[in-house]
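Taking it in order: structure first as structure tokens, then the write-up.
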Amino acid sequence: MAKVPEELPGDEAYTGDVPRAVPTKPMTRSSLAVGLPVVVVAVIILVLPLFIPSFVSSLVTKMMIYGLFGMSLNIIWGYAGIPSFGHAAFFGAGGYAAAILTLKVGISSFWLNLLLAIIATAIIAAILGVPAFRVFGVGAGAVNPIYFLLATIAFGELLSRVAIAVRPVTGGSTGLSGIPAPHLGLGFKMTSGRYYYLVFFITIVCLFIIYRVVNSRYGYALRGIHDNERRMQALGYNTWLYKYTSWIIAAAFAGVAGFMFAHFGGTMVPNNLAMITSDIAFLLVIMGSTTVFFGPLVASVVIVGVDYLSSVYLPERWPLIFGAMFVVTIMVIPQGLGVFILKLWRKVVRGAAA
Amino acid sequence: MSTALVTGLNGLSYAFILFLLAAGFSLTFGVMGVLNLTHGALFVFGAYVGLQVIDSFSAFWLAIIAAAVSLAVIGFLLYYLFLRHLYNKVPEQAVLTIGLGYMAANVILWIWGPRAQIAQTPHILTGALKVGGLGFPIYRIFICGVGLLVLGLLWWIQDRTRWGAIIRAGMDNKEMTVSLGINYGFVSTAVFLLGIALAGVAGILGAPILGAYPTMGDNLLLLTLIVVVVGGTGYIQGTMLGAFVIGMLDTFGKAYVPKTALFFAYVVFLIILLVRPSGLIGRKVF
Amino acid sequence: MAPLLETRDISVHFGGLTAVKNVSFGIEPGERLALIGPNGAGKTTLFNVLTGQLKPSAGAVYFKGRDITRAKVFERTHMGIARSFQITSLFPYHTVKVNALIALEGTRKGRYNVVRYLMKDKIAQADAQKLLESTELWELRDEVVSSLAYGQQRRLEMALSLASDPELLLLDEPSCGLTTAESADITTRIRDLGSKITVLMIAHDMDLVFGVAERVILLHYGEIACEGTCDEIRSNQMVKDIYMGSRKVRHGR
């Protein structure tokens, strides 16, 4: 069964809110043309470690984790049209959950901790979602778009300050380190090589779920709300409920990404909750294309790659390069890499079919 | 109890620094609708330029002017190179300016190094005013004075002058204002540059109190945003009120409950969002 | 027979301005009622109270005997009230078919389903086809809405309003911006809606009003100035005075 990555039709133009695409006629596509690249990429990732040095595997692990982080944000940013600038709050929450559960509470089961992390993240999202949607959307309190932006920025910052303050639990400003390798309870020891496959497995499962969600009736409702919330209400949709639940779903996936991140790096610091991490999230979304399903995954490859190169050649200048990526994306490729690659791919397919 | 008065002065002067910083942001956002998140970095840049001038020429007043002018130039470049292409696209402006903020912080680090700059209060303003056994730092009194002056000036412009009327009309209905033949573009650009210059001046004035180090931009940006939301956009008195609340809360918080100071500011912020989203004295936009 | 929709003493104040004052009227099941009046008469404000977008300062709205004054917009749709928009309100970045699919889901039980693909759902697709065929938009189903002509968009607008199978249809200037031919088309469509649907519309276009309405209410300065059948209104001197020759105005405000 080939997967058909659904994408919102794409060309370039902007409406003035969340970056949108002005559509062209949607192309009919054969399952093979679309399902094939997905399978190919998956196979490549599976066999890659056999051919490359382990530090590259490590990079790819990072790419998958950040890719999932970006995908989680795109659920609300690209599909529902909710531009959250504080998504790291949930990423960090998932990571800190991993750290606290293993180091402070003493639970060693990876799967149980993952479940608890998801629940904790969802609860935090449920709480923060209440003031957030007070200031966003048709029928909300303040109509000024900046307020939602500020609210979301504040969430991440607030949580990071909580993390700094509650020293006994979260390790204060130095954070928690020495997070042990995941204990799967399956009898074998976890190495970083094996962790690669664990991350791959979890990421694939999450992506599959996300794919189903955004293409379900619920997902289409989110798209409708993005395009015209007023109309959606007139059609009978409780738009607040959709936004609120999509916020929680996106948070949960970010929590999963953060959880995997914690076991990957072994350390969690308050900055993982703060704006600097949220900035990575929306660079992933903006650079990747909000309107293409796999967009953030592509962006993840680029960003992690550039980060690595920078750490080798220009370690002092990373913030400059990072900032430059924002500027270049907005000014030069505003529609994102995802759209660009999609168009390229279509040209190739058309060429091959001819 | 008596030390509370000194803390009060500290809080008030801090509030005025925040006011100068946030007023600039409130002007650029409220008037031009431009979300300029480099604002924190601009403050830092102003501080660094000013301190460099003091270092080279030993003239405090020159430093203030240098900060204002250099920032106005930067503001103009910002507008000309980037912001003018992103008219009305708020998330793009946000993303772009956040990126520029990172770049700016790193450039400052590159040029001046990672360690905090030493910022001394200028010679004539050092020392403390002794009243009833308490010492009130003169520099902080000076800050309050400057702050009041700027507050008064901006308030007067807002309420009593033609420019202020134009700006208020423009905030309500831009198309109408433009169609009335008023050169709104010129006014709004001037206000934008003024706002940015104010940030720079706030930076150099605040340097003896807050210090100057390359990564302080983030924190200041967040403070600015909180002040603007709590106080409300559109009215200069709202920005002052917001700055006052946050400045006092933060200073007293730091004095009595260390390490949780900024936390209270965020809590107030969220409460305002829940209860009174348009701010304490804000424009309600339909 | 009890009225389907009834308003009692609706008043709406904005600050010092009274937009609507003590408006009471009812509409019977199956009836076609038109709300007319010059610009600023309060038609849109009253309409917004009926759709739920605005809460009145005083008074109440009853639907099928139930007080719905405080009901939210989406709740009213589930009760059987639907509306169209004066300025076409569609999903511009999606195809006509997707527009129809989304519209139909609004009142369907499975609309929170996160598991089943919408595009592969046979029932949803069939219903969308039926809806689009009824407004001759099926051939355009894969066109993206922003590329449609205005008249076609208006037809889709009407189709979306009917997606929830409403008992009461509130139309806001249905012929706004349409050519004479297109207006005549809309007039026919509204007439052909059948007696199961009750229609209340705001209109400036008198040809539309006289072509569809059984009863007409004239609003002036927020109050009901007069009401009656088409013939009564047509021959009423006050109506002529109020309008002062604006009978031929086709575009909205």
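Listed values, structure above:
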quantity: Residue in the range A:273-289 that is over 17 Å from the mean Cα position of the chain (by Cα) and not charged (D, E, K, R) present; calculated: no
quantity: Residue, nearest to the other protein chains (Cβ to nearest Cβ), within the range C:62-83, restricted to residues that are aliphatic (A, V, I, L, M), touching a helix residue (DSSP H, G or I) at 6+ places or on another chain (Cβ under 7 Å) and surrounded by 22 or more Cβ atoms within 10 Å (Cβ to Cβ); calculated: C:Val73
quantity: Among (1) in a helix (DSSP H, G or I); (2) free of Cβ contacts under 8 Å to residues at least 60 places away in the same chain; (3) not polar (S, T, N, Q), the one test that A:Arg134 misses; calculated: (1)
quantity: Matching residues, the range A:149-176, being within 17 Å of A:Phe136 (Cβ to Cβ) and at the interface with chain B (Cβ under 9 Å from one of its Cβ atoms); calculated: A:Leu149, A:Leu150, A:Ala151, A:Ile153, A:Ala154, A:Phe155
quantity: Total residues in the range C:123-146, condition surrounded by fewer than 21 Cβ atoms within 10 Å (Cβ to Cβ) and either within 26 Å of A:Asn238 (Cβ to Cβ) or β-branched (Val, Ile, Thr) (or both); calculated: 6
quantity: Test: C:Ile27 is under 30 Å from C:Gln125 (Cβ atoms), modelled with pLDDT of 90 or more and under 18 Å from the mean Cα position of the chain (by Cα); calculated: no
quantity: The listed residue being part of a helix (DSSP H, G or I) and buried (at least 24 other Cβ atoms within 10 Å of the Cβ), out of A:Ala122, A:Ala97; calculated: A:Ala97
quantity: Residue that is surrounded by the fewest Cβ atoms within 10 Å (Cβ to Cβ), among those in the range A:303-337 that are touching a residue at least 60 places away in the same chain (Cβ under 8 Å) and out of contact with any Asp or Glu (no Cβ under 6 Å at 6 or more places or on another chain); calculated: A:Gly305
quantity: Residues that are touching a His at 6+ places or on another chain (Cβ under 8 Å) and assigned to a helix (DSSP H, G or I), drawn from the range C:114-168; calculated: C:Val145
quantity: Within the range A:210-223, considering residues that are assigned to a helix (DSSP H, G or I) and without any contact (Cβ under 8 Å) to a residue 12 or more places away in the chain, the one surrounded by the fewest Cβ atoms within 10 Å (Cβ to Cβ); calculated: A:Arg212
quantity: Members of the range C:208-253 found to be in a helix (DSSP H, G or I) and modelled with pLDDT of 85 or more, listed by number; calculated: C:Leu208, C:Val209, C:Phe210, C:Gly211, C:Val212
quantity: Where a residue in the range C:58-84 is part of a loop (DSSP other than H, G, I, E, B) and its partner, wherever it lies, is of a type in the set (Phe, Trp, Tyr), with Cβ under 7 Å and at least six apart; calculated: C:Ile68/C:Tyr62
quantity: Check on B:Pro122, in contact (Cβ under 8 Å) with a residue 40 or more places away in the chain and over 20 Å from the mean Cα position of the chain (by Cα); calculated: yes
quantity: Output for the range B:254-269, where each listed residue is at the interface with another protein chain (Cβ under 7 Å from one of its Cβ atoms), modelled with pLDDT under 80 and either farther than 18 Å from A:Ser160 by Cα or not in a loop (DSSP other than H, G, I, E, B) (or both); calculated: B:Leu262, B:Phe263
quantity: Filter result (surrounded by fewer than 24 Cβ atoms within 10 Å (Cβ to Cβ) and within 11 Å of chain B (Cβ to nearest Cβ)) within the range A:253-274; calculated: A:Asn271
quantity: Pick from the range C:147-185, criterion over 17 Å from the mean Cα position of the chain (by Cα) and within 13 Å of chain A (Cβ to nearest Cβ), ranking: surrounded by the most Cβ atoms within 10 Å (Cβ to Cβ); calculated: C:Leu148
quantity: Within the range B:138-149, tally of residues that are buried (at least 19 other Cβ atoms within 10 Å of the Cβ) and over 17 Å from B:Thr7 (Cβ atoms); calculated: 1
quantity: Flag if C:Gly42 is surrounded by 22 or more Cβ atoms within 10 Å (Cβ to Cβ), of a type in the set (Gly, Ala, Ser) and more than 30 Å from C:Ala124 (Cα to Cα); calculated: yes
quantity: The range A:233-246, residues that are within 7 Å of another protein chain (Cβ to nearest Cβ) and without any contact (Cβ under 8 Å) to a residue 24 or more places away in the chain; calculated: A:Ala234, A:Leu235, A:Gly236, A:Tyr237, A:Asn238
quantity: Checking C:Arg189 against (1) more than 24 Å from C:Gly42 (Cβ to Cβ); (2) touching a residue at least 60 places away in the same chain (Cβ under 8 Å); (3) crowded, with 17+ Cβ neighbours inside 10 Å, the condition it does not meet; calculated: (2)
quantity: Some residue of the range B:86-102 being more than 8 Å from chain A (Cβ to nearest Cβ), farther than 23 Å from B:Ile17 by Cβ and touching a residue at least 24 places away in the same chain (Cβ under 8 Å); calculated: yes
quantity: Inter-residue pairs, beta-carbon under 6 Å, first more than 11 Å from chain A (Cβ to nearest Cβ) and in the range B:227-242, second among the β-branched types (Val, Ile, Thr) and surrounded by 24 or more Cβ atoms within 10 Å (Cβ to Cβ), 6+ apart; calculated: B:Gly231/B:Thr239; B:Gly242/B:Val227; B:Gly242/B:Val230
quantity: Residue check for A:Ser289: more than 14 Å from chain B (Cβ to nearest Cβ) and either aliphatic (A, V, I, L, M) or closer than 24 Å to A:Leu68 by Cβ (or both); calculated: no
quantity: B:Leu77 vs. criteria surrounded by fewer than 24 Cβ atoms within 10 Å (Cβ to Cβ), assigned to a helix (DSSP H, G or I) and within 10 Å of chain A (Cβ to nearest Cβ); calculated: no
quantity: Considering residues of the range C:111-136 that are without any contact (Cβ under 8 Å) to a residue 12 or more places away in the chain and touching a Ser or Thr at 6+ places or on another chain (Cβ under 9 Å) only, the residue nearest to C:Leu35 (Cα to Cα); calculated: C:Tyr112
quantity: Condition met for A:Leu159 (within 25 Å of the chain's Cα centre (by Cα) and either at pLDDT 85 or above or closer than 30 Å to A:Arg230 by Cβ (or both)); calculated: yes
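Table: residues versus (1) touching a Cys at 6+ places or on another chain (Cβ under 8 Å); (2) under 20 Å from A:Gly92 (Cα atoms); (3) buried (at least 20 other Cβ atoms within 10 Å of the Cβ).
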site: A:Thr174; (1), (2), (3): no, yes, no
site: A:Ala181; (1), (2), (3): no, yes, no
site: A:Ile225; (1), (2), (3): no, no, yes
site: A:Ala234; (1), (2), (3): no, no, yes
site: A:Lys243; (1), (2), (3): no, no, yes
site: A:Trp247; (1), (2), (3): no, yes, yes
site: A:Ala250; (1), (2), (3): no, yes, yes
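The values are calculated or read from the model by the stated rules, or taken from the named source; none is laboratory data. The structure displayed is predicted, hence computed values, not measured ones. Reconstructed Cβ throughout: ideal geometry from the backbone, glycine too, with neighbour counts over all protein chains shown.
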